[in-house]
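Let me begin by presenting the structure, written as structure tokens, before commenting on it.
The values are calculated or read from the model by the stated rules, or taken from the named source; none is laboratory data. This structure is a prediction, so every number in the text was calculated from the model and none was measured. So basically every Cβ, Gly included, is an ideal-geometry build from the backbone, and we count neighbours across all protein chains shown.
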Amino acid sequence: MDIDDPDLYALGDPHALFAELRRRPGLHWHDEPDGPGFWALVRHEDAVTAYRGTDWLTSIRGILLGPNRRSADPAGGRMLVMTDPPRHTRLRVVLNRAFTPRMVQRMHDSLTVAVEHLVERALAAGRCDFVNDVAAPVPAVMINEMMGVPRADWERMQELTRVAFGSSDPSFRRSPSERLSKGGAHAQILAYHAKLLAERRRAPGDDLVSVLATAEVEGRPLADAEILLHCDNLIVGGNETTLHAAAGGLLALIEHPDQWAALRAEPDLLDSAVEEMLRWTSPAIHVMRTVTREHLVGGQTVRPGEQVVIWNISANRDEAVFPEPQAFHVRRSPNRHLTFGIGEHFCIGASLARMELRVLFGHLLSRVERVELVGPPERLRSNILARYRRLPVALRPR
């Protein structure tokens, strides 16, 4: 199994492969037949070093494995996740302005209403596809509320997000090739937000698009192209991470009934259970950086122009940090997972993702006696996202 395979789970359990790599000393160079190759960072310690290494690594040249890594990414230096300090810090300050107490409360209220509706509908039906019927709409409520997208368009944004991130899986493609399908979805997301941006420039509100439309960074307003790139990144990222953690978290509780029972008996464990779901699922499988100056990491000297890939999926199960890492424990504490990164690029939406998971699983615990699989889970074909396409379950009410 190649760790850059676009279908990471196709040939077996990648966790076994990464466990073997962690047992080997040093970093691991991974050759690519059609690419430049990269250094694989599989240990928690090395991953933390790289996440914090903004003085010897750059995000501007791309953050994901893919076929076009030799060419510059047009979003480099313009979008938060692909920007280095100090500009990254200034952009982050601007984006944080959207997370006002009023906005957070509004999102919480909308989320609570949506979760109650989704869970009650699933209970009434008896069976559901948890991924598409429950997990997917939950983050869509949050991110669309924050962006100021009208409710009538939420479903459309959710579908475009699936295609934008899921086109490595043929069932999600809307064009003959992965590249065209993904590019077309991103283009539609950008076109939609271009219209929304024009409206917010004329009449700003208290949503994130308005914040971006009226902001200045380094003494100048953000260009339309920069704002639209942020909209694309935020709505795609906001829709995807919680979806994967929710679906994978529920499956973990089904496969570990003792942990479901413990959580049912002690609802105060919900916060630690959410952190364990985030560690266990590791929704963002990897993150890439490019070396800008010679540096020693993991006993290996890396040189300018080389790329390093931080494998969150491996770091989050590092035996040196997590006792019994292949076990799912809702009581796990401390839980130093890297699902949201660490340092300068710590995920700006981490607090919202945690809130979504707490509200969703809090309501499930209050209304559901047990959850049963009624069909095989189906994974998305991807080495970017640890996601399920379908999770057919039966929810048994209390």
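Descriptive notes on the structure:
- Test: residue in segment 335-355 that is out of contact with any Lys or Arg (no Cβ under 9 Å at 6 or more places or on another chain), more than 28 Å from Asp129 (Cα to Cα) and aromatic (Phe, Trp, Tyr): yes
- Only one of the numbered conditions (1) free of Cβ contacts under 8 Å to residues at least 24 places away in the same chain; (2) crowded, with 22+ Cβ neighbours inside 10 Å; (3) small (Gly, Ala, Ser) is violated by Ala261, and that is (2).
- Residue check for Thr290: of a type outside the set (Gly, Ala, Ser), touching a Ser or Thr at 6+ places or on another chain (Cβ under 8 Å), modelled with pLDDT of 95 or more and assigned to a strand (DSSP E or B): yes
- Restricting segment 173-214 to residues that are over 21 Å from Glu155 (Cβ atoms) and basic (Lys, Arg), the residue that is modelled with the lowest pLDDT: Arg179
- Against the list (1) part of a helix (DSSP H, G or I); (2) farther than 30 Å from Phe328 by Cβ, the condition Ala98 fails is (1).
- Criterion: buried (at least 19 other Cβ atoms within 10 Å of the Cβ) and of a type in the set (D, E, K, R) - qualifying residue of Arg354, Arg381, Arg358: Arg381
- Being touching a helix residue (DSSP H, G or I) at 6+ places or on another chain (Cβ under 7 Å) and within 30 Å of Thr292 (Cα to Cα) holds for only one residue in Arg92, Arg97, Arg106, and it is Arg92.
- Some residue of segment 29-44 being in contact with a Gly (Cβ under 8 Å, 6 or more places away or on another chain), assigned to a loop (DSSP other than H, G, I, E, B) and at pLDDT 80 or above: yes
- Residue in segment 146-153 that is more than 20 Å from Leu352 (Cα to Cα), modelled with pLDDT of 90 or more, acidic (Asp, Glu) and outside any loop (DSSP other than H, G, I, E, B) present: no
- Taken over segment 202-230, the residue count meeting the criterion of being under 21 Å from Ser351 (Cβ atoms), of a type in the set (A, V, I, L, M, F, W, C) and surrounded by fewer than 23 Cβ atoms within 10 Å (Cβ to Cβ) is 1.
- For segment 278-303, a tally of residues being of a type outside the set (Ser, Thr, Tyr), touching a His at 6+ places or on another chain (Cβ under 9 Å) and closer than 30 Å to Arg331 by Cα returns 6.
- Complete set of residues in segment 207-236 that are farther than 26 Å from Ala136 by Cβ and either touching a Ser or Thr at 6+ places or on another chain (Cβ under 6 Å) or not in a helix (DSSP H, G or I) (or both): Ala215, Glu216, Val217, Glu218, Gly219, Arg220, Pro221, Leu222, Ala223
- Condition check for Phe328: among the aromatic types (Phe, Trp, Tyr), assigned to a helix (DSSP H, G or I) and either within 21 Å of the chain's Cα centre (by Cα) or at pLDDT below 95 (or both): no
- Number of positions in segment 115-132 that are without any contact (Cβ under 8 Å) to a residue 60 or more places away in the chain and surrounded by 19 or more Cβ atoms within 10 Å (Cβ to Cβ): 1
- Conditions (1) modelled with pLDDT of 85 or more; (2) in a loop (DSSP other than H, G, I, E, B); (3) of a type in the set (A, V, I, L, M); number of the one not met by Val81: (2)
- Segment 306-327 residues that are under 17 Å from Leu64 (Cβ atoms), paired with ones that are polar (S, T, N, Q) and in a strand (DSSP E or B) (beta carbon under 7 Å, 6 or more apart): Gln307/Thr290
- Taking each residue of segment 76-96 that is over 16 Å from Gly349 (Cβ atoms) and looking for partners that are among the acidic types (Asp, Glu) and assigned to a helix (DSSP H, G or I) with beta-carbon atoms closer than 9 Å, six or more apart or interchain, yields Arg78/Glu226; Asp84/Glu344; Pro85/Glu344; Thr89/Glu344.
- Answer residue from segment 264-306, given it is under 26 Å from the mean Cα position of the chain (by Cα) and of a type in the set (Asp, Glu) and is surrounded by the most Cβ atoms within 10 Å (Cβ to Cβ) among those: Glu276
- Some residue of segment 280-287 being within 30 Å of Arg398 (Cα to Cα) and in a helix (DSSP H, G or I): yes
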